[in-house]
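Student: Have a look at this one.
The values are calculated or read from the model by the stated rules, or taken from the named source; none is laboratory data. What you are looking at is a predicted structure, and each value in this text was computed from that prediction instead of being measured. Counting neighbours? That spans all protein chains shown, and the Cβs are built from the backbone with ideal geometry, glycine included. Only protein heavy atoms, including side chains, enter the accessible area calculation; ligands, DNA and RNA are left aside. Shrake-Rupley method; radii C 1.70, N 1.55, O 1.52, S 1.80 Å.
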Amino acid sequence: MSRSGLVRHLLTLAVVGGVIVGLSAETARAQPAPYTVAITGVDDGTLRPLLEATSSLVQLQDGPAPSLIGLRHRADGDRERLEAALHSEGYYDAHLNITVSPHGTAASASPSPSPSPTAVVTLAVTTGPLYHLRHVAIIGTALPPGLPNAEALGLAPGTTARGPLVVQAEQKLRDRLGDQGFAFAKVIDRRAEIDRDAQVLDVTFTVAPGPVVRLGAVHVVGLERVDEQVVRERAAWVTGELYRPELIERTRTALTKLGVFSTLSSHLADRPDSDGTTAVTITVTERKRHTIGMGVTFTNAEGLGADASWSHRNLFGGGEQLRLGAELNRLNIRTLTPAGLDQADEKLTADLRKPGFLAADQDLTLSTAAINEHPDAYQRQALTAGAHLEWRLPYHLTLGYGLSGEQSDIRDTAGFTMDTLVGAPLSLAYDTTDALLDPTTGYRVALEATPWLRMGDTGDSFVINRLTQSLYQDLSGEGDWVAAGRLSLGTILTSNPTNLPADKRFYAGGGGSVRGYAYQAIGPLDSAGHPLGGQSLAEASAEMRIKITETLGVVPFIDGGDVYSALLPQPSQAFRFGTGLGVRYYSAVGPLRLDVGAPLRPSRTDQPIQVYLSMGQAF
């Protein structure tokens with residue numbers, strides 16, 4: 001071979017070898033790169049969770065990066081986010097050093113490459129000094145008196161210079177201006193100046209308050225069948241009243257509670273009318289007038305329950321709601337036989353609700369029902385009718401009052417009775433919760449008292465009283481960890497306790513009472529194990545509602561309670577406790593509840609576990 005041919009041959013081998021080595025290195029670099037993240041230099045119990053929540057490296061570390069190059073790009077993308085998070089907590093001189101240690105990534109080609117070793121990404125944080133607030137100023141033209149000072153805004157001198165505090169202060173400033181009637185007030189500039197030598201932050205808000213607004217006429221857009229006057233009557237202001245955001249929100253709440261609108265919005269006119277007031281336009285979309293509803297419940301002690309309803313949401317154009325319902329309960333192997341079907345519970349109902357009856361904040365409900373029920377304590381056939389008024393008061397209060405009547409035939413261990421009763425239910429409720437079916441914050445307190453008069457020769461009278469309180473505390477701030485508790489006390493005032501109608505006595509046990517026990521299973525029993533009911537009641541519940549995903553959650557719970565033959569609950573008579581675990585499926589219409597409970601003090605008639613399936617939380 002000639003010298004020139006040998007040189008060409010060697011050059012060809014070198015090029016081919018370089019290509020092979022390059023392809024091998026590229027293959028190695030393209031392998032998935034599992035990794036772990038270590039954050040150093042941070043001891044603050046609040047700062048570390050913030051960085052972990054901000055870092056995409058941390059959030060995605062359960063799966064490998066596409067390659068080492070991709071991992072380094074991910075790390076570079078984290079730098080700006082993490083430094084912004086450090087600044088938001090008052091560390092304006094913070095420095096972040098990010099290193100990626102591949103730990104011996106393979107460098108040679110292989111037909112079956114071995115799994116990539118785990119890389120380590122180190123986020124080395126140097127926080128530097130913690131900055132504090134020094135001066136807070138509010139500037140602008142024609143500023144009104146009474147604006148909040150730095151302390152009222154949460155920005156007192158010496159406070160840690162956290163970004164979220166400054167953002168919250170801006171909202172507080174807008175809210176204060178709104179409460180003074182400045183509906184169009186704006187914070188047109190928020191300037192933060194850092195003095196690195198003094199390690200402090202100065203904040204200046206520039207405000208354009210705009211004109212004072214007085215509320216005027218209501219214009220309604222989007223109505224189809226609802227009378228416009230129904231909307232106007234629910235405006236929470238009188239013409240000429242000073243604008244306050246609370247008035248708009250109260251109006252929105254009142255219209256939402258009508259139940260006839262699927263969407264609702266409001267806005268102020270750009271300029272005042274000739275009388276100096278500013279019109280408010282309310283835009284609505286009406287819901288479908290007719291609805292059909294169905295539901296299913298289950299307990300292993302009582303069996304299946306089913307209900308169906310038909311509703312008309314706007315019967316006469318004033319938001320009147322008519323609901324016809326049917327329920328069938330205690331469906332099990334025994335009651336589904338031809339001979340046992342008459343032992344199932346049956347109920348037919350008709351309810352008509354008239355919103356704004358005699359006053360915009362008062363609703364009237366007319367109701368009637370036909371009932372055939374067979375719980376363990378008694379058998380009852382009844383016809384009932386009632387008229388109930390609900391008056392919404394300020395400060396989250398609702399007053400209820402009305403008249404009820406019923407004709408019933410009852411058979412229990414004492415024999416058979418036919419009763420005609422007239423009652424006057426009274427109630428006062430305080431409710432600050434944020435949702436009806438699934439509250440996460442707030443309180444509920446309900447005091448109920450119903451005097452009943454027994455018509456006929458006996459003329460007995462009695463008063464059923466009950467106080468129920470519940471508390472909901474969002475521990476996570478996002479509704480994922482909610483602690484909930486309930487306490488209920490009841491007593492019946494009567495001169496003849498032994499003559500109380502069986503269906504008006506207190507009972508305990510079941511999915512809405514003390515879980516782990518069957519319905520009505522707690523309290524005095526006769527010789528055959530049938531509940532006798534009592535004159536007083538005490539119940540308590542506690543549970544932790546833990547969301548695992550957006551749609552699934554678990555709920556550990558403990559309930560306790562008892563029924564007493566005396567006028568008041570007896571401390572000497574120990575509670576019957578039940579405990580267990582529930583699962584929640586959070587649907588668009590509310591949570592679906594499955595609870596499994598066990599009695600901690602079972603009697604001879606109690607089953608080892610009880611299973612409950614229904615809609616809504618237990619309380």
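Student: Could you check the range 374-392 and list, in sequence order, the residues that are out of contact with any Pro (no Cβ under 8 Å at 6 or more places or on another chain), touching a residue at least 24 places away in the same chain (Cβ under 8 Å) and aliphatic (A, V, I, L, M)?
Tutor: Result: Ala382, Leu383, Leu389.
Student: Considering only the range 339-360, I want to know if a residue exists there that is under 34 Å from the mean Cα position of the chain (by Cα) and at positive phi.
Tutor: Yes, some residue in the range 339-360 is under 34 Å from the mean Cα position of the chain (by Cα) and at positive phi.
Student: Here's something else I'd like to know. In the range 64-93, which residues are open to solvent by less than 20 Å² (accessible area, probe 1.4 Å) and under 23 Å from Thr127 (Cβ atoms)?
Tutor: Ala75, Asp78, Leu82, Ala85, Leu86, Gly90
Student: Among the residues of the range 550-591, write down those that are within 20 Å of Ser470 (Cα to Cα), at pLDDT below 95 and aliphatic (A, V, I, L, M).
Tutor: Those that are within 20 Å of Ser470 (Cα to Cα), at pLDDT below 95 and aliphatic (A, V, I, L, M): none in the range 550-591.
Student: Quick one: what pairs do we get from the range 144-162, first residue over 23 Å from Lys186 (Cα atoms) and in contact (Cβ under 8 Å) with a residue 60 or more places away in the chain, second open to solvent by 50 Å² or more (accessible area, probe 1.4 Å) and not in a strand (DSSP E or B), C-beta under 7 Å, 6+ apart or different chains?
Tutor: Thr160/Leu130
Student: Taking the residues in the range 146-159 that are closer than 28 Å to Arg214 by Cα and exposed (fewer than 15 other Cβ atoms within 10 Å of the Cβ) as candidates, determine which candidate is farthest from the chain's Cα centre (by Cα).
Tutor: For the range 146-159, the residue satisfying everything is Gly146.
Student: Hey, another quick one. Is it the case that some residue within the range 329-339 is touching a Ser or Thr at 6+ places or on another chain (Cβ under 9 Å) and either at pLDDT 95 or above or over 23 Å from Thr413 (Cβ atoms) (or both)?
Tutor: There is no residue in the range 329-339 that is touching a Ser or Thr at 6+ places or on another chain (Cβ under 9 Å) and either at pLDDT 95 or above or over 23 Å from Thr413 (Cβ atoms) (or both).
Student: Mind checking which strands (runs of 3 or more DSSP E) fall wholly inside the range 555-619 and carry at least 3 residues that are in contact (Cβ under 8 Å) with a residue 12 or more places away in the chain and open to solvent by 50 Å² or more (accessible area, probe 1.4 Å)?
Tutor: Of the strands (runs of 3 or more DSSP E) lying wholly inside the range 555-619, those with at least 3 residues that are in contact (Cβ under 8 Å) with a residue 12 or more places away in the chain and open to solvent by 50 Å² or more (accessible area, probe 1.4 Å) span 576-587, 590-599.
Student: Take the conditions touching a strand residue (DSSP E or B) at 6+ places or on another chain (Cβ under 6 Å) and either in a loop (DSSP other than H, G, I, E, B) or over 29 Å from Val422 (Cβ atoms) (or both) and apply them to Glu543. Does it pass?
Tutor: yes
Student: Anything in the range 369-390 that is open to solvent by less than 70 Å² (accessible area, probe 1.4 Å) and not aliphatic (A, V, I, L, M)? List them, or say none.
Tutor: Within the range 369-390, Asn372, Glu373, His374, Pro375, Tyr378, Arg380, Thr384, Gly386, His388 qualify.
Student: Are there any strands (runs of 3 or more DSSP E) wholly within the range 391-476 with 2 or more residues that are under 28 Å from Gly356 (Cβ atoms) and open to solvent by 70 Å² or more (accessible area, probe 1.4 Å), and if so which?
Tutor: Strands (runs of 3 or more DSSP E) meeting the threshold: 397-412, 426-431, 442-454.
Student: If the requirement is being hydroxyl-bearing (Ser, Thr, Tyr), under 18 Å from Glu320 (Cα atoms) and out of contact with any helix residue (DSSP H, G or I) (no Cβ under 8 Å at 6 or more places or on another chain), which of these qualifies: Thr281, Thr277, Thr253, Thr239?
Tutor: Going through Thr281, Thr277, Thr253, Thr239 in turn, just one is hydroxyl-bearing (Ser, Thr, Tyr), under 18 Å from Glu320 (Cα atoms) and out of contact with any helix residue (DSSP H, G or I) (no Cβ under 8 Å at 6 or more places or on another chain): Thr253.
Student: Quick check on this structure: which one of Gly529, Gly512, Gly516 is modelled with pLDDT of 95 or more, under 20 Å from Arg601 (Cα atoms) and part of a loop (DSSP other than H, G, I, E, B)?
Tutor: Gly516
Student: Just checking, which of Thr99, Thr12, Thr54, Thr27 is at pLDDT 90 or above and over 30 Å from Val203 (Cβ atoms)?
Tutor: Thr99
Student: Let me ask you something else. Which of the residues belonging to the range 268-304 are of a type in the set (S, T, N, Q) and either surrounded by 14 or more Cβ atoms within 10 Å (Cβ to Cβ) or within 27 Å of the chain's Cα centre (by Cα) (or both)?
Tutor: Answer for the range 268-304, where residues must be of a type in the set (S, T, N, Q) and either surrounded by 14 or more Cβ atoms within 10 Å (Cβ to Cβ) or within 27 Å of the chain's Cα centre (by Cα) (or both): Thr277, Thr278, Thr281, Thr283, Thr285, Thr291, Thr297, Thr299, Asn300.
Student: Turning to a different aspect of this structure: What do you reckon, is Ala521 exposed (fewer than 14 other Cβ atoms within 10 Å of the Cβ), hydrophobic (A, V, I, L, M, F, W, C) and more than 30 Å from Asp434 (Cβ to Cβ)?
Tutor: So Ala521 does not fit the description; no.
Student: Find the residue count for the range 477-506, including only residues that are under 29 Å from the mean Cα position of the chain (by Cα), buried (at least 20 other Cβ atoms within 10 Å of the Cβ) and part of a loop (DSSP other than H, G, I, E, B).
Tutor: Going through the range 477-506 one residue at a time, the tally reaches 0.
Student: Kindly provide the set of residues from the range 36-51 that are open to solvent by less than 70 Å² (accessible area, probe 1.4 Å), touching a strand residue (DSSP E or B) at 6+ places or on another chain (Cβ under 9 Å) and farther than 14 Å from Thr99 by Cβ, ordered by number.
Tutor: Val42, Leu47, Leu51
Student: Six or more apart or on different chains, Cβ under 9 Å: which pairs go from a residue in the range 403-430 that's over 15 Å from Thr450 (Cα atoms) to one that's among the basic types (Lys, Arg) and surrounded by 17 or more Cβ atoms within 10 Å (Cβ to Cβ)? Could you list them?
Tutor: Correct list of pairs: Ser408/Arg380; Asp409/Arg380; Ile410/Arg380; Arg411/Arg380; Asp412/Arg380; Asp419/Arg454; Thr420/Arg454; Tyr430/Arg444.
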